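Bear in mind that the values in this text are calculations on the coordinates, not laboratory data. Quick caveat, the model's predicted, so the values are computed rather than measured. As a convention, Cβ positions derive from the backbone with ideal geometry for all residues, glycine included, and neighbour counts pool all protein chains shown.
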Amino acid sequence: MIRQRRVRSLKDGSFYIGEAEDLEERLQRHNSGRSRYTSKKKPWEMVYVEEFATRKLARKREKEIKAKKNNEYVEYLLRQCPARKAGRKSL
C-alpha cells in the first residue's frame, strides 16, 4: 500500500506533499534533516494521509494537488476529510 502524505512545517506552516510506504520512517527523515528540502523547515508534523493501491495512482494524486499551487487547497482537504488526518503528530 502506497500512502500519499502531507506534512506541515511547525516552523513556518508550509506544506510538503509526497508518497511513502512507511510514514513514520519518512517523517523521521524529514525531521532529522536527511531530506534536503525539508531540512530547512523542520520540525514537521503529519497532517493528512491518503492510501493508494499503486505508486502510479499516488503520483497522479500528488500531481493533482501540486497543480493547485496553493496551501488553501490542502487546508480545504484537511477540513473536508477529517477521517483521513494522520493524527497531527510529529516525531
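Couple of notes before you dig in:
- Cα radius of gyration and Dmax for the chain (Å): 12.2, 33
- Simple spin-label estimate for residue 61 and residue 17 in nanometres, 7 Å along Cα-Cβ: 1.1 nm
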